[in-house]
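Structure first, commentary second.
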Amino acid sequence: MKKLLFLSISFLLVSFISGLFAQTASFQTGKIGVEINQFGRVRIHAPAIGATRQIDRSSILAGVGRTEVFDYKNDADMVVAPFTVTNPTKSDFEIFSVIDNSYNNLPPKFEVRINAFGWHNEGFIVVKFTVINRETTVKNTRIGIEIIPQPDGTYGNETIKFDPTNMIAQSFRDTGVRTGYKILNTTASGFRVIDWFSTYFVGDSLLWDALNYNNFDLTYTGTGDGTVTFLSQPPVSISPNDSAHFFIGIAVANTESELIANMNLAQQKYNLLVNVEDNLVPLAYSLSQNYPNPFNPMTKIQFSLPKKEKVTIDVFNVFGEFIARVVDNEYEAGIYTLEFDGKNLSSGTYFYQLVAGEFKSTRKMILIK
């Protein structure tokens with residue numbers, strides 16, 4: 001995992017060792033199967049996992065400029081490993097995970113929380129991406145989704161179609177399974193299709209252009225290497241430490257009319273989801289990247305607790321030597337933000353570690369004076 005590039009002290013290696021191994025969570029409704037990995041890749045199967053893969057990868061894009069796009073290949077890294085929620089309250093199945101790009105310290109500094117919802121014997125799911133701005137300024141952000149089709153388990157020569165009446169982007173081959181994507185929370189602003197090539201994501205410029213593609217590619221036939229498609233929404237302004245929601249409906253079907261019907265059901269479920277009062281108790285333990293970072297001399301540290309715990313947060317230097325204790329207290333379940341003052345410290349790299357019950361997490365912060 002890319003975080004390891006920054007770790008040379010064995011004291012810190014233990015905190016990140018779990019990230020060395022690929023982690024996924026999955027569920028299947030009876031008509032569609034979904035897998036989410038630790039970097040936020042949403043993979044679609046139909047009718048079930050282990051049958052036929054239809055989408056190799058769909059993943060969030062959030063950009064603020066031609067060289068500042070949060071994407072799967074360059075940026076995404078695990079904060080909270082994906083897990084299947086026990087006894088979900090908003091659906092029959094649910095997966096939750098959190099990713100960010102704190103390991104590379106490159107803009108835009110975004111955190112993305114992912115919830116995938118499914119229902120028994122339905123041919124659709126709803127995926128909610130919550131994009132949190134960890135920058136210190138307002139970001140005018142383009143949000144979209146990047147999709148690599150693999151209809152009926154094969155890359156290449158697939159048909160890509162955009163239905164402007166129902167605003168559904170779909171991929172299929174001949175008379176095989178159709179997989180559709182639709183933005184549920186607003187009207188899509190563009191849909192772009194390109195032929196896949198191995199370096200399309202390098203430099204962010206193509207991704208940024210795709211997010212700003214204010215047109216719709218209605219029909220396209222892929223080459224032998226297949227396609228990459230991009231579905232985006234109008235720009236949104238996200239204040240520091242605030243968020244924007246991006247809801248995607250994903251449906252599968254054997255015919256176009258059935259696909260539209262399934263997506264209409266996904267839209268109905270979205271309407272119910274957003275009308276249900278949000279559960280304020282976090283689903284998992286987490287330690288977020290401090291913000292701002294780098295900082296001078298004040299920074300904020302946010303953490304989440306799914307239940308009441310004794311919490312300590314300690315700061316260490318690059319040699320693993322204890323520097324300061326930020327907090328040593330008991331907290332109820334919830335989300336908390338604390339301030340750390342580095343006025344008595346020298347410029348440099350430090351690490352802060354949260355211990356809450358059996359949960360332990362460590363992150364890097366940089367003080368520049």
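Here are some notes:
- Prolate/oblate/rounded call for the stretch 69-216, Cα gyration tensor, a/c under 1.5 rounded: oblate
- Relative to the dominant Cα principal axis of the chain, helix 256-275 is inclined by about 30°.
- Structural descriptor for the stretch 286-367: relative contact order 36 percent, calculated from alpha carbon pairs under 8 angstrom and at least 6 residues apart.
- Test item: Cα-centred dipole of the stretch 286-367, Lys/Arg +1 and Asp/Glu -1 on Cβ, debye: 180
- Applying D = kT/(6 pi eta Rh) to the chain, where Rh is the Kirkwood radius over alpha-carbon pairs, T corresponds to 37 °C and eta to 0.692 mPa s, the Stokes-Einstein value obtained is 154 µm²/s.
- Gap separating the Cα centres of the stretch 318-345 and the stretch 115-158, nearest whole Å: 34
- Kirkwood-based shape ratio for the stretch 163-224, expressed as Rg/Rh from alpha carbons: 0.98
- GNM flexibility winner over the chain from GLY153, GLY226, GLY144 (Cα, springs under 10 Å): GLY153
- In the stretch 280-358, the GluC sites (Glu not before Pro) that fall in loop regions by DSSP, at most 11 other Cβ within 10 Å: GLU321, GLU332, GLU358
- Point-charge dipole on Cβ atoms (K/R +1, D/E -1) for the chain, about Cα centre, debye to 20: 440
- Whether the stretch 148-261 is rounded, prolate or oblate, judged on the alpha carbon gyration tensor where a/c under 1.5 counts as rounded: oblate
Every number in this text was worked out from the coordinates using simple rules, so none of it is lab data. The shown structure was predicted, so the numbers you read here are calculated from the model rather than taken from an experiment. Here the Cβ is made from the backbone with ideal geometry for all residues, glycine too, and neighbour counts use every protein chain on show.
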